[in-house]
Amino acid sequence: MSIQHDRARDDARPEVHARPGRIEADAVIGVVAREWILYGQSWRATTFAAVVEPTLYLLCFGFGMGALIGTLAGFSYIDFLGTGIVAVSVMFQSMMPAVINTFIKRRFLHTYEGILAAPVDVRELVTGEALWLAMRSGVYGCVPLLVAVGFGLRPGPGMLLVPFIAFLAGFAFALFGIWISAVITSVRSMDYVFSGLFTPLFLVAGTFFPLTELPAWVQNAAMANPLYHAVELIRGSVFGGLGAGAALLHVGVLLGFIVLMWFLAGFQMRRRVVG
Amino acid sequence: MTTPVPGRRLPGSASSTPVDTPPPDVPALLLRGVVKRFGTLTAVDGLDLEVPQGVVLGLLGPNGAGKSTTMKMLTAQSLADEGEIRILGHPIPAESKWARARMGVVPQHDNLDEELTVEQNLRMFSFLYRVPRARRKEAVARAMRLAQLGDRGDTLVDDLSGGMRRRLLIVRALLHRPELVLMDEPTVGLDPQVRQDLWGVISALRDEGVTVLMSTHYIEEAERLSDEVALMAKGAVVERGTPADLVAKYAGSTVEEYTPGDEGADVLERRVREHGFTTRRTGVTLSVLRAEELPDSLRDRLGTPHRRASTLEDVFVTLTGESVE
Ligand SMILES: Nc1ncnc2c1ncn2[C@@H]1O[C@H](COP(=O)(O)OP(=O)(O)OP(=O)(O)O)[C@@H](O)[C@H]1O
Ligand SMILES: [Mg+2]
């Protein structure tokens, strides 16, 4: 190893100096860049999962149950299910990796230790991780919709809103997952998360069946479930019929959830990575 | 090639702070009365350390002395309970991000991204370190050359040998041509050839005026590379100076080693110490420091000495009470 004296030393110096207290795009992009590079290697598998899973759900539930149900809450079952699965897959694509990968990167790979020795602060780290998952959700969230169209869902201009809703919901769930990953202390406790939190979240959201038949208290609890609001938004934009007030409410809840989780995730992650 | 103009605002980034270069008399590192506790354990206990710009400072200390904890506090990955820390004049942790942009960090425990290749690891850090877009490619190529990994760009980190990983870890910290480099035991586990190569890198950094804080257990390394060494024990700096000065002050020029006969090392040691000499024991061998000052009358009663030049290791053992490699 010999240092090349071929250039002035200042040449590659960082030009935009890190400013405390501000979220800097470069730092966030650096964090996203890691995931983007990894995605370059894993996109086939990711895409495979993103296509096959909703296809299987739609095949089995759509034909198996659809034949028995016919229409549900005014929708044909395939329409109801197809839009529900968009939201479910957004949640799976964002919250699951947020819990698992973030935990592994923090505890076992020491990835964050390396990143945080560079001019990146914890909030930028959290934002970058969540942003990546949200972008991925925005793209892959559309896949089940396209699959559902193949199964007979009526296409319409409102579908163009779905990537944005998927992004928003994906951002919310990613931050939620990152917060959880910073709360838990072992891989074992992930069982609690997946069974105790994940399952009720995706069951009680009006994804596979409408909430109307459930006990009142469950219906009320579902109002706090971001997935419910994502489902309502997606269904509303694909089929229309969602009033401006209701749409604003759902978007508002998702945004509020994002703000809350952004603070919680940053706070808890900081407690874990700064001694 | 561009020459940075102090105070210049960068094109296209009106809101960014000027590129400010601290005046040369501001210390690169300043720690005053720094304390770090973990529960009941005080890992760093009133540490005072000042490192001027452009100096290579070797941080020597036994296991658990608090070297790594100190390094972590400099990157704000660990927060001090008491005391003041400044890097190039900027307070830490308040302005730690600013400091980290000018600092390269080689941690004691490898935190390379095993899922990525050599080239990808460097590319990612070129973003994190804000290497300007136009220079990223070149910075990565230069780092790979420096680590002699030019042809291993596509190898996954997981598939590198231990020595290659360490080289990569080191050049990753140099991607952005930092003004200050922290190295926590950078040569542990390297074969002699690679270690020498690395010494070359550190010397070159010094020639470029980079400030280096390097902890090590290899005394020879500290002696060779450091402008100054600081000896750390129990969370504080116990002594500090150039290797030559420290050796002269604590161990004189000559050490005499005695292998005691029947009467045993204890008796011999007591006899020497009564005359105010410092000794150290290695197995049954008794070493007398500053032996050039031994009066002949005393030396005659000790036996036949083996003479050697005093080293920094003698100083280390004397001051920390611990032995090293
Ligand atoms: N996160 C932590 N929690 C509890 N104790 C810690 C933590 N980090 C360090 N310590 C303790 O602080 C003391 C100093 O540790 P440190 O790693 O700084 O030593 P060191 O000088 O780097 O030692 P070595 O040469 O073995 O690397 C040790 O007793 C260590 O056990
Ligand atoms: Mg250490």
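Among the residues of region B:124-137, those identified as facing another protein chain (nearest Cβ under 7 Å) and crowded, with 20+ Cβ neighbours inside 10 Å are B:124, B:125, B:127, B:128, B:129, B:130, B:131. For region A:235-253, what are the residues that are of a type in the set (A, V, I, L, M) and out of contact with any Gly (no Cβ under 8 Å at 6 or more places or on another chain)? Once the filter is applied, which keeps residues that are of a type in the set (A, V, I, L, M) and out of contact with any Gly (no Cβ under 8 Å at 6 or more places or on another chain), region A:235-253 yields A:244, A:248, A:249, A:251, A:253.
A search for C-beta distances below 6 Å between a residue of region B:54-82 that is at the interface with chain A (Cβ under 9 Å from one of its Cβ atoms) and any residue that is within 14 Å of ligand 2 (Cβ to nearest atom) and aliphatic (A, V, I, L, M), counting only pairs 6+ apart in sequence or on different chains, returns B:69/B:43; B:69/B:44; B:75/B:105. Against the definition (closer than 27 Å to residue A:23 by Cα, among the polar types (S, T, N, Q) and either touching a strand residue (DSSP E or B) at 6+ places or on another chain (Cβ under 7 Å) or near ligand 1 (Cβ under 10 Å from one of its atoms) (or both)), how does residue B:96 come out, yes or no? When the stated conditions are applied, residue B:96 does not pass them.
In region B:178-210, of all residues being away from every other protein chain (no Cβ under 13 Å) and in contact (Cβ under 8 Å) with a residue 60 or more places away in the chain, the one that is farthest from ligand 2 (Cβ to nearest atom) corresponds to B:188.
The rows are residues; the columns are (1) more than 15 Å from ligand 2 (Cβ to nearest atom); (2) part of a strand (DSSP E or B); (3) of a type in the set (Ser, Thr, Tyr); (4) within 27 Å of residue A:120 (Cβ to Cβ).
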| site | (1), (2), (3), (4) |
| --- | --- |
| B:34 | yes, yes, no, yes |
| B:42 | yes, yes, yes, no |
| B:59 | no, yes, no, yes |
| B:62 | no, no, no, no |
| B:72 | no, no, no, yes |
| B:86 | yes, yes, no, yes |
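Among the residues of region A:192-206, is any in contact with a helix residue (DSSP H, G or I) (Cβ under 9 Å, 6 or more places away or on another chain), within 26 Å of residue A:124 (Cβ to Cβ) and at pLDDT 95 or above? The answer is no, given that none of the residues of region A:192-206 is in contact with a helix residue (DSSP H, G or I) (Cβ under 9 Å, 6 or more places away or on another chain), within 26 Å of residue A:124 (Cβ to Cβ) and at pLDDT 95 or above.
Name the single residue that is farthest from ligand 1 (Cβ to nearest atom) among those in region B:206-222 being closer than 12 Å to residue B:53 by Cα and surrounded by 24 or more Cβ atoms within 10 Å (Cβ to Cβ). Looking at residues that are closer than 12 Å to residue B:53 by Cα and surrounded by 24 or more Cβ atoms within 10 Å (Cβ to Cβ), I get B:211. Among the residues of region A:166-185, is any without any contact (Cβ under 8 Å) to a residue 24 or more places away in the chain, assigned to a helix (DSSP H, G or I) and open to solvent by less than 50 Å² (accessible area, probe 1.4 Å)? No, because not a single residue in region A:166-185 is without any contact (Cβ under 8 Å) to a residue 24 or more places away in the chain, assigned to a helix (DSSP H, G or I) and open to solvent by less than 50 Å² (accessible area, probe 1.4 Å).
The values are calculated or read from the model by the stated rules, or taken from the named source; none is laboratory data. As the structure is a prediction and not an experimental result, all values here were calculated from the model. Note: ideal-geometry Cβ built from the backbone for every residue, glycine included; neighbour counts use all protein chains shown. For accessibility, only protein heavy atoms count, side chains too; no ligands or nucleic acids. Shrake-Rupley method; radii C 1.70, N 1.55, O 1.52, S 1.80 Å.
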